[in-house]
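Structure first, then comments.
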Amino acid sequence: MQPANLIAIDGPAASGKSTLAEKIARKLGYFFFDTGVMYRAVTLAALKQFNQVDDERNVTLLSEKIQIDVQSPSVDDGRLMDVLVDGKDVTWEIRTPYVDRNVSKVSAYTGVRNAMTDQQRRIGARGNMVVVGRDIGTVVFPEAKQKIYLDASPEERARRRFAEVQQRGEKTTYEEILSSIKRRDAIDSTRAMAPLKPAEDAFVINSDGKTIEQVVEEVVQLLTQESKNVG
Ligand code: DC
């Protein structure tokens, strides 16, 4: 199936890809689809049902049963999209620290990834979307014509995360954040299933030392150039 008007944006944690994707979607009038919510939704459902996520078989069976959907925000409370599990709004529930602590484990289960890939393809078929994740250009929509891989050094990403965390008044050090980012990078890029890496035909952009506006400008130019070449 040829996905209609999909832009794939992948990259490591805290690279700024969600902010970038949201701005690009707004400029183009596209839907912003952050696929991290799918793994968060399965994690939430598993925690509710089993109180833990260690049983891979049961978590996988659950992920194959539930229907996850996204749609334009129905409530004006700062959300970028609605997230629904079997029709129930879980947009904020999937952002709790309880889900944060368990989602990496769930997203490494092969059966869960297969189920989520199917659901992402169902949603992506609607077209006119900027789809953000870790494996969108490589696994979920390898046929997407426009792919961006947004990178930044671990130090730059740690600086950004540290600034956010400080603003929220949480107590942690820059060094702690940096070492957790490096640990996550190592896990994400070496996992057997859908490791984090740029697709061969992706534009790789490094955002070190650039403002988000500069990155958006760079990407808009690339996409315009691309569509001229394609068309
Ligand atoms: O981007 P995020 O923090 O909301 O992502 C939640 C988790 O899901 C995180 O552990 C990375 C994982 N993820 C993934 O493996 N593949 C995707 N396409 C999107 C997210």
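Where a number appears in this text, it was derived from the coordinates with a stated rule and is not lab data. Computed from a predicted structure; not experimentally measured. Here the Cβ positions follow ideal geometry from the backbone for every residue, glycine too, while neighbour counts run over all protein chains shown.
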Of Ser180, Ser207, Ser18, which has the largest mean-square fluctuation in a 10 Å C-alpha GNM of the chain? Ser180
Using a 10 Å cut-off on Cβ atoms, rank the peptides 31-38, 82-89 from the highest mean neighbour count down. 31-38, 82-89
For Arg191, what is the net charge nearby, where nearby means another residue's Cβ is under 15 Å from its Cβ and Lys, Arg count +1, Asp, Glu -1? +1
Mind scanning Lys27/Lys210; Lys88/Lys182; Lys88/Lys210; Lys48/Lys145; Lys27/Lys65; Lys23/Lys145 and naming the pairs with a C-alpha gap bigger than 31 Å? Lys88/Lys182; Lys88/Lys210; Lys48/Lys145; Lys27/Lys65
How are the alpha carbon pair distances in segment 1-71 distributed across 5 Å bins from zero to the largest one, expressed in percent? 3, 14, 19, 17, 15, 15, 11, 5, 1
Compute the separation of the alpha-carbon centres of segment 63-130 and segment 132-181 and state it in Å as a whole number. 19
How large is ³J(HN,Hα), in whole Hz, for each residue of segment 146-161 in order, when computed from phi with the Karplus curve 6.51 cos²θ - 1.76 cosθ + 1.60 and θ = phi - 60°, using x for Gly and Pro? 10, 10, 10, 10, 9, 10, 6, 5, x, 5, 5, 5, 5, 4, 5, 4
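Hey, what's the Cα Rg ratio for the chain versus the globular rule of thumb, 2.2 N^0.38 Å?
Values: Rg = 17.3 Å, N = 231, 2.2 N^0.38 = 17.4 Å.
So the chain has a normalised radius of gyration of 0.99.
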State the answer as a single residue: which of Tyr30, Ala45, Gln120 lies farthest towards the positive end of the charge dipole of the chain, with beta carbon charges of +1 for Lys and Arg and -1 for Asp and Glu, about the Cα centre. Ala45
For segment 28-45, Karplus couplings with θ = phi - 60° (6.51, -1.76, 1.60), whole Hz, Gly/Pro x: 8, x, 9, 7, 8, 10, 8, 6, x, 5, 5, 5, 5, 5, 5, 4, 4, 4
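Defining a contact as two alpha carbons under 8 Å apart and six or more residues distant in sequence, what relative contact order in percent does the chain show?
On the way: 332 pairs, mean separation 73.1, N = 231.
Reported as a whole number, the value is 32 percent.
Under 15 Å from the Cβ of Glu64, count the other residues' Cβ atoms, weight Lys and Arg +1, Asp and Glu -1, and hand me the total. Numbers along the way, then the final one.
On the way: positive: Arg57, Lys65, Arg113, Arg121, Arg122; negative: Asp55, Glu56, Asp86, Asp118.
Local charge sum for Glu64: +1.
Among 6-12, 69-75, 159-165, 141-147, what's the highest-first ranking by average C-beta atoms within 10 angstrom per residue? Can you show the working numbers first?
Working: 6-12: 25.9, 69-75: 13.9, 159-165: 15.6, 141-147: 19.0.
The peptides rank, most packed first, as 6-12, 141-147, 159-165, 69-75.
Within the P(r) computed for segment 79-208, what percentage of the Cα pairs occupies the region above 25 Å? Display every interim value, and only then the final one.
Values: 3030 of 8385 pairs.
That fraction is 36 percent.
In the chain, what percentage of the DSSP-assigned beta bridges are antiparallel, given to the nearest 5? Present the calculation step by step, with values, prior to reporting the outcome.
On the way: 6 of 23 bridges.
Close to 25 percent.
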Explain nothing, just the number: dipole magnitude of the chain about its Cα centre with +1 on each Lys and Arg Cβ and -1 on each Asp and Glu Cβ, in debye rounded to the nearest 20. 120
Search the structure for amide H atoms under 5 Å from the amide H of Val83, placed 1.01 Å from N in the peptide plane, and list their residues when 5 or more places away or on another chain. Val90, Thr91
Would you mind giving the three semi-axes, in whole Å and largest first, of the ellipsoid equivalent to segment 169-222 according to its Cα gyration tensor? 25, 21, 7
Note, ³J(HN,Hα) from phi for segment 117-131, Karplus 6.51, -1.76, 1.60, rounded to Hz, x at Gly and Pro: 4, 4, 5, 5, 5, 4, 6, x, 4, 5, x, 6, 9, 9, 10
